[in-house]
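To start, the structure itself, in structure tokens.
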Amino acid sequence: MFGRRKKNEAPEESADDTTLADEQAVDGGADEDEATEQRLNLPPAPRPDGPWDASEVTNPAEGRVDLGGLFVPGVEGMELRVEVAGDAIVAATVVLQDSAVQLQAFAAPRNEGIWAEVREEIAAGITQQGGVVDVVEGPLGWELRAQVPVQLPDGTNGVQVVRFVGVDGPRWFLRGVISGQGAVQPEAAGVLEHIFRDTVIVRGDGPMAPRDPIVLKLPDDAQMVPDGVQQEPAAQSRFGGGVERLERGPEITEIR
């Protein structure tokens, strides 16, 4: 004898159907994870316009400031600052009028880039702080344009607009943080983008763990001016820091 199924009653699923559905769900999740991994672990893209590896430039010191791990292009009227973590210099910031770009280089795997993965880490950190992040394709490739919550000088809460840019090279990764007018006005960003693009990275041949910072040094003829030596606690992600330090200033300044 056969019974008629009620209009709102779903058909019964066999054990085989249920098992198949579960397997498809698991396979779908695995496929998604694999696709994400393939998207993140891509080889470095071509860099026809820089930044440059030391092996690609005949004389990296020509027109650039020698910071050891980085050769930073010199621009008239710029202020070059270096930032210290412990006893090591790990970042350089070029200040030009009311804009700035922070440069920091890291070791990277030989055959894959890390900028896609780093972008996601930075975006997650800013979002957790209550900020807003957009991923856009800009003049330097894929970048993050973020509105980061900050405390204004009068004690009220505000936001700082910041651009995070990055390029993968052979066994290195260069990150830039553009702030000030350069983060919101294309005409003010042009020189900072040129500085980022024309920077030379000296990775060295020694072994380094991926994501270790490439240590810098002071220029031989630096005119050093103390600018506050208070150390800040390290951020949870070494790639997400730098925004607040741009507000307070670094430890050593060279006026060019």
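The values are calculated or read from the model by the stated rules, or taken from the named source; none is laboratory data. Source: prediction; values computed, not measured. All Cβ positions, even for glycine, are placed from backbone atoms using ideal geometry, and neighbour counts span all protein chains on display. Note: accessible area is taken over every heavy atom of the protein model, side chains too, but ligands, DNA and RNA are not part of it. Shrake-Rupley method; radii C 1.70, N 1.55, O 1.52, S 1.80 Å.
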Given (1) under 24 Å from Ile89 (Cβ atoms); (2) at pLDDT below 95, where does Val162 come up short, assuming only one miss? (2)
Would you pick out the residues in the range 129-148 that are surrounded by fewer than 18 Cβ atoms within 10 Å (Cβ to Cβ), farther than 24 Å from Arg211 by Cα and touching a strand residue (DSSP E or B) at 6+ places or on another chain (Cβ under 6 Å)? Gly130, Val132, Gln147
For the range 66-82, which positions are of a type outside the set (A, V, I, L, M, F, W, C), under 21 Å from Ala189 (Cβ atoms) and open to solvent by less than 20 Å² (accessible area, probe 1.4 Å)? Pro73
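Conditions (1) surrounded by fewer than 21 Cβ atoms within 10 Å (Cβ to Cβ); (2) within 16 Å of the chain's Cα centre (by Cα), marked per residue:
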{"site": "Pro60", "(1), (2)": "yes, no"}
{"site": "Ala92", "(1), (2)": "no, yes"}
{"site": "Leu103", "(1), (2)": "no, yes"}
{"site": "Thr127", "(1), (2)": "yes, yes"}
Please indicate, with yes or no, whether at least one residue in the range 103-116 is touching a Pro at 6+ places or on another chain (Cβ under 8 Å), of a type outside the set (S, T, N, Q) and at pLDDT below 90. yes
